[in-house]
(Lines give C-alpha, C1' and ligand atoms only; values in the text may rest on other atoms or scores of the structure.)
Protein backbone atom coordinates (compact mmCIF):
# COMPACT_ATOMS: atom_id res chain seq x y z
CA UNK A 1 0.00 0.00 0.00
CA UNK A 2 1.34 3.41 -0.95
CA UNK A 3 2.23 5.62 1.99
CA UNK A 4 0.29 8.38 0.25
CA UNK A 5 -2.96 6.57 0.95
CA UNK A 6 -2.77 5.48 4.58
CA UNK A 7 -6.36 4.63 5.58
CA UNK A 8 -7.94 6.55 8.41
CA UNK A 9 -10.44 4.25 10.16
CA UNK A 10 -13.56 6.01 11.36
CA UNK A 11 -16.83 4.59 12.64
CA UNK A 12 -20.21 6.11 11.85
CA UNK A 13 -23.81 5.01 11.48
CA UNK A 14 -22.98 3.92 7.96
CA UNK A 15 -20.71 1.23 9.30
CA UNK A 16 -16.93 1.16 9.49
CA UNK A 17 -15.56 3.67 6.98
CA UNK A 18 -11.97 4.23 5.89
CA UNK A 19 -11.13 7.68 4.61
CA UNK A 20 -8.33 7.19 2.11
CA UNK A 21 -6.69 10.60 1.96
CA UNK A 22 -3.34 11.48 0.32
CA UNK A 23 -1.66 12.52 3.54
CA UNK A 24 1.76 13.09 1.97
CA UNK A 25 0.24 15.66 -0.36
CA UNK A 26 -1.06 17.60 2.64
CA UNK A 27 2.23 17.69 4.53
CA UNK A 28 3.34 21.10 3.15
CA UNK A 29 0.39 22.68 4.96
CA UNK A 30 1.98 21.68 8.28
CA UNK A 31 4.70 24.27 7.58
CA UNK A 32 2.28 27.21 7.45
CA UNK A 33 3.09 28.26 11.05
CA UNK A 34 6.79 28.30 10.11
CA UNK A 35 6.69 30.39 6.91
CA UNK A 36 3.19 31.85 7.06
CA UNK A 37 4.51 35.32 7.82
CA UNK A 38 5.65 35.72 4.23
CA UNK A 39 2.99 35.77 1.51
CA UNK A 40 5.31 34.39 -1.18
CA UNK A 41 6.36 31.43 0.97
CA UNK A 42 2.75 30.74 1.92
CA UNK A 43 1.78 30.62 -1.74
CA UNK A 44 4.63 28.20 -2.42
CA UNK A 45 3.28 25.84 0.25
CA UNK A 46 -0.21 26.00 -1.21
CA UNK A 47 1.11 25.45 -4.73
CA UNK A 48 3.25 22.51 -3.57
CA UNK A 49 0.19 20.90 -1.99
CA UNK A 50 -1.79 21.37 -5.21
CA UNK A 51 0.98 19.77 -7.28
CA UNK A 52 1.16 16.80 -4.91
CA UNK A 53 -2.61 16.38 -5.12
CA UNK A 54 -2.32 16.34 -8.91
CA UNK A 55 0.35 13.63 -8.58
CA UNK A 56 -2.01 11.63 -6.36
CA UNK A 57 -4.61 12.02 -9.10
CA UNK A 58 -2.61 9.69 -11.34
CA UNK A 59 -3.99 6.81 -9.31
CA UNK A 60 -7.29 8.34 -8.26
CA UNK A 61 -8.69 11.20 -10.37
CA UNK A 62 -10.74 12.66 -7.53
CA UNK A 63 -7.55 14.27 -6.20
CA UNK A 64 -7.20 16.23 -9.44
CA UNK A 65 -10.51 17.85 -8.56
CA UNK A 66 -9.20 18.45 -5.03
CA UNK A 67 -6.17 20.32 -6.40
CA UNK A 68 -8.25 22.58 -8.65
CA UNK A 69 -10.89 23.30 -6.00
CA UNK A 70 -8.17 23.98 -3.43
CA UNK A 71 -6.77 26.66 -5.75
CA UNK A 72 -10.16 28.40 -5.72
CA UNK A 73 -10.41 28.08 -1.93
CA UNK A 74 -7.03 29.73 -1.35
CA UNK A 75 -4.91 31.96 -3.62
CA UNK A 76 -7.28 31.79 -6.55
CA UNK A 77 -5.86 34.68 -8.57
CA UNK A 78 -2.16 34.26 -7.91
CA UNK A 79 0.10 34.83 -10.92
CA UNK A 80 3.23 32.78 -11.59
CA UNK A 81 6.08 34.53 -13.35
CA UNK A 82 8.42 32.64 -15.65
CA UNK A 83 10.93 35.23 -16.78
CA UNK A 84 8.85 37.83 -18.57
CA UNK A 85 5.90 35.45 -19.00
CA UNK A 86 2.98 35.40 -16.56
CA UNK A 87 0.53 32.57 -16.01
CA UNK A 88 -2.35 32.34 -13.55
CA UNK A 89 -2.30 29.60 -10.95
CA UNK A 90 -5.67 28.15 -12.04
CA UNK A 91 -4.61 27.98 -15.70
CA UNK A 92 -1.31 26.31 -14.86
CA UNK A 93 -2.99 23.68 -12.68
CA UNK A 94 -5.65 23.03 -15.31
CA UNK A 95 -2.98 22.54 -17.98
CA UNK A 96 -1.08 20.06 -15.81
CA UNK A 97 -4.29 18.19 -14.96
CA UNK A 98 -5.29 17.44 -18.55
CA UNK A 99 -2.75 14.63 -19.29
CA UNK A 100 -3.46 13.20 -15.82
CA UNK A 101 -7.21 12.89 -16.29
CA UNK A 102 -7.20 11.86 -19.97
CA UNK A 103 -6.58 8.13 -19.25
CA UNK A 104 -9.38 8.13 -16.68
CA UNK A 105 -11.72 9.92 -19.07
CA UNK A 106 -10.91 7.47 -21.85
CA UNK A 107 -11.62 4.54 -19.53
CA UNK A 108 -14.83 5.90 -18.03
CA UNK A 109 -16.40 9.27 -18.81
CA UNK A 110 -19.70 9.43 -16.95
CA UNK A 111 -21.24 12.77 -16.07
CA UNK A 112 -24.66 11.31 -15.36
CA UNK A 113 -27.75 10.63 -17.45
CA UNK A 114 -29.43 13.97 -16.69
CA UNK A 115 -26.59 16.42 -17.24
CA UNK A 116 -27.44 17.46 -20.80
CA UNK A 117 -29.49 20.51 -19.86
CA UNK A 118 -26.87 21.91 -17.47
CA UNK A 119 -23.95 21.30 -19.83
CA UNK A 120 -25.92 22.62 -22.80
CA UNK A 121 -26.77 25.88 -21.03
CA UNK A 122 -23.15 26.26 -19.91
CA UNK A 123 -21.91 25.88 -23.49
CA UNK A 124 -24.57 28.33 -24.71
CA UNK A 125 -23.36 30.88 -22.15
CA UNK A 126 -19.76 30.44 -23.33
CA UNK A 127 -20.86 30.89 -26.95
CA UNK A 128 -22.96 34.00 -26.45
CA UNK A 129 -20.35 35.76 -24.28
CA UNK A 130 -17.66 34.97 -26.84
CA UNK A 131 -19.74 36.34 -29.72
CA UNK A 132 -20.52 39.45 -27.70
CA UNK A 133 -16.86 40.06 -26.90
CA UNK A 134 -15.86 39.52 -30.53
CA UNK A 135 -18.26 42.27 -31.55
CA UNK A 136 -16.80 44.89 -29.20
CA UNK A 137 -13.45 43.84 -27.69
CA UNK A 138 -10.02 43.25 -29.14
CA UNK A 139 -8.69 39.75 -29.77
CA UNK A 140 -6.73 39.67 -26.52
CA UNK A 141 -9.79 40.42 -24.40
CA UNK A 142 -11.85 37.85 -26.32
CA UNK A 143 -9.28 35.10 -25.74
CA UNK A 144 -8.81 36.05 -22.09
CA UNK A 145 -12.47 35.74 -21.12
CA UNK A 146 -13.02 32.70 -23.36
CA UNK A 147 -10.13 30.97 -21.63
CA UNK A 148 -11.67 31.81 -18.26
CA UNK A 149 -15.14 30.47 -19.11
CA UNK A 150 -13.67 27.35 -20.72
CA UNK A 151 -11.76 26.68 -17.51
CA UNK A 152 -15.04 26.92 -15.62
CA UNK A 153 -16.84 24.49 -17.93
CA UNK A 154 -13.83 22.15 -17.81
CA UNK A 155 -13.97 22.06 -14.02
CA UNK A 156 -17.76 21.65 -14.05
CA UNK A 157 -17.51 18.55 -16.27
CA UNK A 158 -14.37 17.20 -14.60
CA UNK A 159 -16.04 16.97 -11.18
CA UNK A 160 -18.72 14.38 -12.12
CA UNK A 161 -16.26 12.49 -14.35
CA UNK A 162 -13.59 12.21 -11.63
CA UNK A 163 -15.95 11.47 -8.73
CA UNK A 164 -16.99 7.97 -9.71
CA UNK A 165 -18.71 6.67 -6.57
CA UNK A 166 -19.79 7.50 -3.06
CA UNK A 167 -16.32 6.79 -1.63
CA UNK A 168 -14.74 9.37 -3.95
CA UNK A 169 -17.30 11.98 -2.95
CA UNK A 170 -16.97 11.22 0.75
CA UNK A 171 -13.17 11.42 0.73
CA UNK A 172 -13.13 14.62 -1.32
CA UNK A 173 -15.62 16.27 1.04
CA UNK A 174 -13.49 15.27 4.03
CA UNK A 175 -10.39 16.83 2.47
CA UNK A 176 -12.14 20.04 1.40
CA UNK A 177 -13.73 20.38 4.84
CA UNK A 178 -10.26 20.11 6.35
CA UNK A 179 -8.97 22.84 4.04
CA UNK A 180 -11.90 25.10 4.92
CA UNK A 181 -11.27 24.58 8.64
CA UNK A 182 -7.57 25.32 8.15
CA UNK A 183 -8.46 28.54 6.36
CA UNK A 184 -10.86 29.43 9.16
CA UNK A 185 -8.16 28.87 11.78
CA UNK A 186 -5.70 31.02 9.85
CA UNK A 187 -8.31 33.77 9.49
CA UNK A 188 -9.17 33.70 13.18
CA UNK A 189 -5.47 33.97 14.03
CA UNK A 190 -5.12 36.96 11.71
CA UNK A 191 -7.99 38.71 13.47
CA UNK A 192 -6.57 38.23 16.93
CA UNK A 193 -2.93 38.89 16.01
CA UNK A 194 -2.90 42.40 17.49
CA UNK A 195 -4.80 41.78 20.72
CA UNK A 196 -3.89 38.16 21.48
CA UNK A 197 -0.46 37.88 19.89
CA UNK A 198 -1.48 35.05 17.57
CA UNK A 199 0.55 34.48 14.36
CA UNK A 200 -0.18 36.89 11.54
CA UNK A 201 -0.33 34.44 8.63
CA UNK A 202 -0.38 36.48 5.47
CA UNK A 203 -2.40 35.73 2.39
CA UNK A 204 -1.63 36.72 -1.17
CA UNK A 205 -2.08 40.46 -1.78
CA UNK A 206 -5.10 41.43 -3.83
CA UNK A 207 -4.00 41.03 -7.49
CA UNK A 208 -6.41 43.70 -8.67
CA UNK A 209 -4.69 46.44 -6.71
CA UNK A 210 -0.90 46.57 -7.30
CA UNK A 211 1.07 47.62 -4.28
CA UNK A 212 -1.47 46.41 -1.75
CA UNK A 213 -0.25 44.21 1.05
CA UNK A 214 -1.81 42.22 3.84
CA UNK A 215 -1.65 45.30 6.08
CA UNK A 216 -3.93 47.17 3.66
CA UNK A 217 -6.89 45.18 4.99
CA UNK A 218 -6.06 46.19 8.59
CA UNK A 219 -7.94 43.89 10.99
CA UNK A 220 -10.07 42.19 8.30
CA UNK A 221 -9.30 38.48 8.06
CA UNK A 222 -8.34 37.18 4.62
CA UNK A 223 -7.76 33.53 5.70
CA UNK A 224 -5.87 31.81 2.84
CA UNK A 225 -7.64 33.79 0.10
CA UNK A 226 -6.61 36.82 -1.90
CA UNK A 227 -8.83 39.22 0.04
CA UNK A 228 -11.59 39.32 2.70
CA UNK A 229 -14.34 39.25 0.07
CA UNK A 230 -13.22 35.95 -1.43
CA UNK A 231 -12.49 34.55 2.05
CA UNK A 232 -16.05 35.26 3.19
CA UNK A 233 -17.46 33.68 0.05
CA UNK A 234 -15.36 30.50 0.37
CA UNK A 235 -16.17 29.99 4.04
CA UNK A 236 -19.86 30.66 3.45
CA UNK A 237 -20.10 28.05 0.69
CA UNK A 238 -18.07 25.44 2.59
CA UNK A 239 -19.99 26.11 5.80
CA UNK A 240 -23.37 25.63 4.12
CA UNK A 241 -22.33 22.25 2.71
CA UNK A 242 -21.16 21.21 6.18
CA UNK A 243 -24.40 22.45 7.76
CA UNK A 244 -26.51 20.50 5.25
CA UNK A 245 -24.65 17.29 6.05
CA UNK A 246 -24.94 18.01 9.77
CA UNK A 247 -28.72 18.45 9.59
CA UNK A 248 -29.59 15.45 7.41
CA UNK A 249 -26.85 12.80 7.50
CA UNK A 250 -27.16 10.41 10.49
CA UNK A 251 -23.68 10.84 11.92
CA UNK A 252 -22.65 9.75 15.37
CA UNK A 253 -22.91 12.32 18.14
CA UNK A 254 -19.19 13.11 18.20
CA UNK A 255 -19.16 13.61 14.43
CA UNK A 256 -22.10 15.98 14.67
CA UNK A 257 -20.37 17.93 17.41
CA UNK A 258 -17.26 18.21 15.26
CA UNK A 259 -19.24 19.46 12.27
CA UNK A 260 -21.16 21.92 14.44
CA UNK A 261 -17.94 23.29 15.91
CA UNK A 262 -16.43 23.53 12.42
CA UNK A 263 -19.45 25.40 11.10
CA UNK A 264 -19.31 27.88 13.98
CA UNK A 265 -15.58 28.40 13.40
CA UNK A 266 -16.15 29.13 9.71
CA UNK A 267 -19.01 31.47 10.60
CA UNK A 268 -16.84 33.32 13.13
CA UNK A 269 -13.98 33.77 10.65
CA UNK A 270 -16.45 34.91 8.01
CA UNK A 271 -17.58 37.54 10.51
CA UNK A 272 -13.96 38.59 11.02
CA UNK A 273 -13.66 39.39 7.31
CA UNK A 274 -16.08 42.27 7.99
CA UNK A 275 -17.56 41.79 4.54
CA UNK A 276 -21.23 42.69 4.67
CA UNK A 277 -22.29 40.85 1.53
CA UNK A 278 -21.74 37.34 2.90
CA UNK A 279 -23.95 38.14 5.92
CA UNK A 280 -26.70 39.45 3.64
CA UNK A 281 -26.35 36.37 1.42
CA UNK A 282 -26.76 34.04 4.38
CA UNK A 283 -30.32 35.26 4.91
CA UNK A 284 -31.82 33.67 1.75
CA UNK A 285 -29.39 30.75 1.98
CA UNK A 286 -30.39 29.75 5.51
CA UNK A 287 -34.01 30.60 4.78
CA UNK A 288 -34.13 28.15 1.87
CA UNK A 289 -32.45 25.50 3.98
CA UNK A 290 -34.92 25.97 6.84
CA UNK A 291 -37.90 25.77 4.48
CA UNK A 292 -36.76 22.45 3.00
CA UNK A 293 -35.49 20.82 6.18
CA UNK A 294 -38.03 18.41 7.64
CA UNK A 295 -36.00 16.82 10.44
CA UNK A 296 -36.75 16.62 14.11
CA UNK A 297 -34.85 19.83 14.87
CA UNK A 298 -36.75 22.02 12.42
CA UNK A 299 -38.20 24.33 15.06
CA UNK A 300 -34.86 24.61 16.86
CA UNK A 301 -33.15 25.36 13.56
CA UNK A 302 -35.49 28.28 12.87
CA UNK A 303 -34.94 29.61 16.39
CA UNK A 304 -31.17 29.31 16.00
CA UNK A 305 -31.26 31.33 12.77
CA UNK A 306 -33.27 34.10 14.40
CA UNK A 307 -31.15 34.19 17.56
CA UNK A 308 -27.82 34.16 15.70
CA UNK A 309 -29.01 36.83 13.26
CA UNK A 310 -30.23 39.10 16.03
CA UNK A 311 -27.06 38.50 18.03
CA UNK A 312 -24.87 39.32 15.03
CA UNK A 313 -26.71 42.58 14.42
CA UNK A 314 -26.68 43.59 18.12
CA UNK A 315 -22.98 42.85 18.57
CA UNK A 316 -22.04 44.62 15.33
CA UNK A 317 -24.02 47.68 16.37
CA UNK A 318 -22.32 47.75 19.77
CA UNK A 319 -18.90 47.51 18.14
CA UNK A 320 -19.78 50.03 15.39
CA UNK A 321 -18.33 47.60 12.85
CA UNK A 322 -18.70 47.67 9.07
CA UNK A 323 -21.78 45.44 9.30
CA UNK A 324 -23.94 48.30 10.56
CA UNK A 325 -22.46 51.05 8.36
CA UNK A 326 -24.48 52.24 5.36
CA UNK A 327 -24.08 54.54 2.38
CA UNK A 328 -23.93 57.61 4.63
CA UNK A 329 -20.94 56.41 6.66
CA UNK A 330 -18.98 54.01 4.48
CA UNK A 331 -17.43 54.77 1.08
CA UNK A 332 -17.61 51.16 -0.10
CA UNK A 333 -21.34 51.01 0.59
CA UNK A 334 -21.84 54.43 -1.00
CA UNK A 335 -20.10 53.27 -4.18
CA UNK A 336 -22.63 50.54 -4.93
CA UNK A 337 -25.64 52.78 -5.80
CA UNK A 338 -23.44 54.85 -8.12
CA UNK A 339 -22.02 51.82 -9.92
CA UNK A 340 -25.44 50.13 -10.15
CA UNK A 341 -27.13 53.27 -11.45
CA UNK A 342 -24.53 53.73 -14.17
CA UNK A 343 -24.64 50.02 -15.01
CA UNK A 344 -28.43 50.06 -15.36
CA UNK A 345 -28.30 53.10 -17.59
CA UNK A 346 -25.74 51.46 -19.85
CA UNK A 347 -27.86 48.30 -19.97
CA UNK A 348 -30.98 50.34 -20.82
CA UNK A 349 -29.13 51.96 -23.72
CA UNK A 350 -27.77 48.61 -24.99
CA UNK A 351 -30.33 46.05 -23.79
CA UNK A 352 -30.01 43.30 -26.42
CA UNK A 353 -26.34 43.02 -27.36
CA UNK A 354 -24.55 44.78 -24.51
CA UNK A 355 -21.27 46.65 -24.84
CA UNK A 356 -18.74 43.87 -24.30
CA UNK A 357 -16.85 42.69 -21.25
CA UNK A 358 -14.97 45.39 -19.31
CA UNK A 359 -16.35 48.16 -21.55
CA UNK A 360 -18.02 49.47 -18.39
CA UNK A 361 -14.68 50.89 -17.25
CA UNK A 362 -14.43 52.99 -20.41
CA UNK A 363 -18.07 54.06 -20.63
CA UNK A 364 -18.96 54.70 -16.98
CA UNK A 365 -17.39 58.21 -16.71
CA UNK A 366 -19.65 59.32 -19.57
CA UNK A 367 -22.71 58.39 -17.50
CA UNK A 368 -21.74 60.34 -14.38
CA UNK A 369 -24.37 62.97 -15.21
CA UNK A 370 -27.12 60.34 -14.89
CA UNK A 371 -26.38 59.80 -11.20
CA UNK A 372 -27.85 61.91 -8.41
CA UNK A 373 -25.38 64.60 -7.29
CA UNK A 374 -25.73 63.57 -3.65
CA UNK A 375 -24.60 60.04 -4.43
CA UNK A 376 -21.75 61.33 -6.56
CA UNK A 377 -20.40 63.50 -3.77
CA UNK A 378 -20.83 60.81 -1.15
CA UNK A 379 -19.05 58.14 -3.17
CA UNK A 380 -16.36 60.46 -4.62
CA UNK A 381 -17.36 59.44 -8.15
CA UNK A 382 -14.49 61.29 -9.77
CA UNK A 383 -12.18 58.61 -8.40
CA UNK A 384 -14.74 55.82 -8.73
CA UNK A 385 -16.16 55.72 -12.24
CA UNK A 386 -13.74 54.39 -14.79
CA UNK A 387 -11.78 52.40 -12.20
CA UNK A 388 -14.29 49.97 -10.72
CA UNK A 389 -16.50 47.31 -12.30
CA UNK A 390 -20.29 47.27 -11.66
CA UNK A 391 -19.96 45.06 -8.56
CA UNK A 392 -23.04 43.09 -9.51
CA UNK A 393 -22.74 39.92 -11.59
CA UNK A 394 -26.26 39.96 -13.02
CA UNK A 395 -25.99 43.60 -14.01
CA UNK A 396 -22.52 43.06 -15.45
CA UNK A 397 -23.75 40.15 -17.60
CA UNK A 398 -26.65 42.20 -18.93
CA UNK A 399 -24.67 45.31 -19.86
CA UNK A 400 -21.73 43.27 -21.19
CA UNK A 401 -23.49 40.71 -23.42
CA UNK A 402 -27.14 41.65 -23.49
CA UNK A 403 -30.48 40.31 -22.30
CA UNK A 404 -30.19 36.85 -23.88
CA UNK A 405 -26.89 36.19 -22.09
CA UNK A 406 -28.57 37.17 -18.83
CA UNK A 407 -31.47 34.84 -19.64
CA UNK A 408 -29.12 31.92 -20.31
CA UNK A 409 -27.18 32.57 -17.11
CA UNK A 410 -30.42 32.68 -15.10
CA UNK A 411 -31.59 29.43 -16.71
CA UNK A 412 -28.24 27.80 -15.92
CA UNK A 413 -28.50 28.91 -12.30
CA UNK A 414 -32.01 27.47 -12.04
CA UNK A 415 -30.84 24.21 -13.61
CA UNK A 416 -28.08 23.89 -11.01
CA UNK A 417 -30.53 24.61 -8.20
CA UNK A 418 -32.91 22.03 -9.67
CA UNK A 419 -30.11 19.42 -9.68
CA UNK A 420 -29.56 19.95 -5.97
CA UNK A 421 -33.29 19.98 -5.25
CA UNK A 422 -33.96 16.74 -7.16
CA UNK A 423 -31.08 15.03 -5.35
CA UNK A 424 -32.37 16.21 -2.00
CA UNK A 425 -35.80 14.69 -2.72
CA UNK A 426 -34.73 11.44 -4.40
CA UNK A 427 -31.27 10.41 -3.11
CA UNK A 428 -31.07 7.00 -1.49
CA UNK A 429 -28.11 8.04 0.68
CA UNK A 430 -28.87 10.56 3.48
CA UNK A 431 -25.37 12.00 3.18
CA UNK A 432 -26.10 12.90 -0.43
CA UNK A 433 -29.36 14.47 0.70
CA UNK A 434 -27.50 16.60 3.22
CA UNK A 435 -24.89 17.70 0.70
CA UNK A 436 -27.64 18.53 -1.80
CA UNK A 437 -29.44 20.65 0.81
CA UNK A 438 -26.22 22.47 1.60
CA UNK A 439 -25.38 22.82 -2.11
CA UNK A 440 -28.73 24.42 -2.90
CA UNK A 441 -28.27 26.89 -0.04
CA UNK A 442 -24.70 27.54 -1.20
CA UNK A 443 -25.84 28.38 -4.74
CA UNK A 444 -28.54 30.72 -3.43
CA UNK A 445 -26.04 32.34 -1.08
CA UNK A 446 -23.43 32.67 -3.83
CA UNK A 447 -25.90 34.37 -6.17
CA UNK A 448 -27.00 36.76 -3.43
CA UNK A 449 -23.36 37.52 -2.63
CA UNK A 450 -22.57 38.12 -6.30
CA UNK A 451 -25.14 40.93 -6.38
CA UNK A 452 -22.49 43.02 -4.59
CA UNK A 453 -19.33 41.80 -6.35
CA UNK A 454 -17.96 40.51 -9.64
CA UNK A 455 -17.42 36.85 -8.76
CA UNK A 456 -18.13 35.46 -12.21
CA UNK A 457 -14.81 36.71 -13.60
CA UNK A 458 -12.72 36.44 -10.44
CA UNK A 459 -13.57 32.99 -9.08
CA UNK A 460 -14.75 29.63 -10.43
CA UNK A 461 -17.10 29.01 -7.50
CA UNK A 462 -20.16 29.10 -9.77
CA UNK A 463 -18.77 26.32 -11.98
CA UNK A 464 -17.64 24.27 -8.99
CA UNK A 465 -21.16 24.35 -7.58
CA UNK A 466 -22.48 23.33 -10.99
CA UNK A 467 -20.10 20.36 -11.04
CA UNK A 468 -21.12 19.22 -7.58
CA UNK A 469 -24.78 19.46 -8.54
CA UNK A 470 -24.07 17.10 -11.44
CA UNK A 471 -22.18 14.55 -9.37
CA UNK A 472 -24.86 14.50 -6.66
CA UNK A 473 -27.51 14.08 -9.33
CA UNK A 474 -25.49 11.23 -10.83
CA UNK A 475 -25.00 9.37 -7.54
CA UNK A 476 -28.33 10.24 -5.95
CA UNK A 477 -30.67 7.51 -7.26
CA UNK A 478 -28.15 4.76 -6.70
CA UNK A 479 -27.68 2.41 -3.78
CA UNK A 480 -26.36 4.07 -0.59
CA UNK A 481 -22.65 3.92 0.19
CA UNK A 482 -21.43 0.32 0.37
CA UNK A 483 -20.89 -1.06 3.83
CA UNK A 484 -18.29 -3.55 4.92
CA UNK A 485 -19.51 -6.88 6.29
CA UNK A 486 -21.34 -6.71 9.58
CA UNK A 487 -19.09 -6.55 12.62
CA UNK A 488 -21.57 -8.29 14.86
CA UNK A 489 -25.21 -8.79 15.70
CA UNK A 490 -25.60 -5.12 16.72
CA UNK A 491 -24.19 -3.51 13.54
CA UNK A 492 -26.31 -0.38 12.83
CA UNK A 493 -28.02 0.18 9.51
CA UNK A 494 -30.20 3.01 8.27
CA UNK A 495 -33.93 2.80 7.72
CA UNK A 496 -36.67 5.35 7.12
CA UNK A 497 -39.35 5.69 9.78
CA UNK A 498 -42.99 6.54 9.11
CA UNK A 499 -42.17 10.25 9.04
CA UNK A 500 -39.63 9.74 6.27
CA UNK A 501 -36.67 10.45 8.57
CA UNK A 502 -33.49 8.37 8.66
CA UNK A 503 -32.85 6.53 11.91
CA UNK A 504 -30.53 3.84 13.22
CA UNK A 505 -31.71 0.27 13.48
CA UNK A 506 -29.63 -2.57 14.95
CA UNK A 507 -29.64 -5.86 13.04
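The values are calculated or read from the model by the stated rules, or taken from the named source; none is laboratory data. Bear in mind that the values here come from a model prediction, so they are computed numbers and not experimental data. Positions of Cβ are backbone-derived with ideal geometry, glycine not excepted, and every protein chain shown enters the neighbour counts.
Residue-by-condition table, conditions (1) modelled with pLDDT of 95 or more; (2) more than 28 Å from residue 163 (Cα to Cα):
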| position | (1), (2) |
| --- | --- |
| 407 | yes, yes |
| 416 | yes, no |
| 420 | yes, no |
| 438 | yes, no |
| 445 | yes, no |
| 451 | yes, yes |
| 481 | no, no |
| 484 | no, no |
| 499 | no, yes |
| query | With (1) touching a residue at least 60 places away in the same chain (Cβ under 8 Å); (2) surrounded by 24 or more Cβ atoms within 10 Å (Cβ to Cβ) as the list, and residue 239 as the residue in question, which single condition is left unmet? | reply | (1)
| Is there a residue being crowded, with 17+ Cβ neighbours inside 10 Å and not in a helix (DSSP H, G or I) anywhere in region 293-308? | yes
| residue 291 being under 24 Å from residue 418 (Cα atoms) and out of contact with any strand residue (DSSP E or B) (no Cβ under 8 Å at 6 or more places or on another chain) | yes
| message | For region 246-258, give me the residue count where each residue is in a helix (DSSP H, G or I) and surrounded by fewer than 24 Cβ atoms within 10 Å (Cβ to Cβ). | response | 8
| task | Would you check if there is a residue in region 39-48 being surrounded by 17 or more Cβ atoms within 10 Å (Cβ to Cβ) and closer than 30 Å to residue 473 by Cβ? | result | no
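One line per residue, one yes/no per condition, for (1) touching a helix residue (DSSP H, G or I) at 6+ places or on another chain (Cβ under 9 Å); (2) within 20 Å of residue 70 (Cα to Cα); (3) in the same structural domain as residue 431 (by TED's automatic domain parsing):
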| position | (1), (2), (3) |
| --- | --- |
| 128 | yes, no, yes |
| 159 | yes, yes, yes |
| 180 | yes, yes, yes |
| 198 | yes, no, yes |
| 204 | yes, yes, yes |
| 218 | no, no, yes |
| 222 | yes, yes, yes |
| 227 | yes, yes, yes |
| 234 | yes, yes, yes |
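Has region 103-119 got at least one residue that is part of a helix (DSSP H, G or I), over 20 Å from the mean Cα position of the chain (by Cα) and within 30 Å of residue 403 (Cα to Cα)?
The initial filter retains those residues of region 103-119 that are part of a helix (DSSP H, G or I), namely 103-107, 116-119.
Those still in the list that are over 20 Å from the mean Cα position of the chain (by Cα) too: 103-107, 116-117.
Within this subset, residues satisfying the condition of being within 30 Å of residue 403 (Cα to Cα) are 116-117.
Checked against the condition, which is being part of a helix (DSSP H, G or I), over 20 Å from the mean Cα position of the chain (by Cα) and within 30 Å of residue 403 (Cα to Cα), region 103-119 yields at least one hit.
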| task | For region 270-281, state whether one or more residues are closer than 21 Å to residue 175 by Cα and at pLDDT 95 or above. | result | yes
| remark: Checked region 312-331 for anything surrounded by 15 or more Cβ atoms within 10 Å (Cβ to Cβ) and assigned to a helix (DSSP H, G or I); matches are 312, 316, 322, 323, 324
| query | Any chance region 128-141 includes a residue that's surrounded by fewer than 20 Cβ atoms within 10 Å (Cβ to Cβ) and farther than 24 Å from residue 358 by Cα? | reply | no
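For region 51-61, which residues satisfy the criterion of being part of a helix (DSSP H, G or I) and surrounded by fewer than 23 Cβ atoms within 10 Å (Cβ to Cβ)?
The answer is 51, 52, 54, 55.
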| From the set of residues in region 102-127 that are buried (at least 19 other Cβ atoms within 10 Å of the Cβ) and at pLDDT 95 or above, which is nearest to residue 463 (Cα to Cα)? | 122
| Among the residues of region 82-89, is there at least one that is closer than 21 Å to residue 153 by Cβ, in a helix (DSSP H, G or I) and modelled with pLDDT under 95? | yes
| query | Would you pick out the residues in region 455-472 that are under 15 Å from residue 238 (Cα atoms) and either assigned to a loop (DSSP other than H, G, I, E, B) or without any contact (Cβ under 8 Å) to a residue 40 or more places away in the chain (or both)? | reply | 459, 460
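Listed here are the residues, each with its yes/no results for (1) under 22 Å from residue 458 (Cα atoms); (2) buried (at least 20 other Cβ atoms within 10 Å of the Cβ).
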position	(1), (2)
340	yes, no
351	no, no
354	yes, yes
357	yes, yes
360	yes, yes
364	yes, yes
367	no, no
380	no, no
| If you check 404, 452, 424, which single one turns out to be more than 25 Å from residue 136 (Cα to Cα), out of contact with any strand residue (DSSP E or B) (no Cβ under 7 Å at 6 or more places or on another chain) and part of a helix (DSSP H, G or I)? | 424
| request: Output the number of the condition that residue 48 fails; it satisfies all remaining conditions of (1) under 21 Å from residue 162 (Cα atoms); (2) at pLDDT 95 or above; (3) within 22 Å of the chain's Cα centre (by Cα). | output: (1)
| Unique residue being under 24 Å from residue 435 (Cα atoms), in contact (Cβ under 8 Å) with a residue 24 or more places away in the chain, assigned by TED's automatic domain parsing to the domain that holds residue 422 and assigned to a helix (DSSP H, G or I) when the list is 290, 268 | 268
| query | residue 142: free of Cβ contacts under 8 Å to residues at least 40 places away in the same chain and in contact with a helix residue (DSSP H, G or I) (Cβ under 6 Å, 6 or more places away or on another chain), yes or no? | reply | yes
| residue 347: touching a helix residue (DSSP H, G or I) at 6+ places or on another chain (Cβ under 7 Å), crowded, with 20+ Cβ neighbours inside 10 Å and modelled with pLDDT under 90, yes or no? | no
| Filter result (assigned to a helix (DSSP H, G or I), touching a helix residue (DSSP H, G or I) at 6+ places or on another chain (Cβ under 8 Å) and either without any contact (Cβ under 8 Å) to a residue 60 or more places away in the chain or surrounded by fewer than 22 Cβ atoms within 10 Å (Cβ to Cβ) (or both)) within region 383-396 | 394, 395
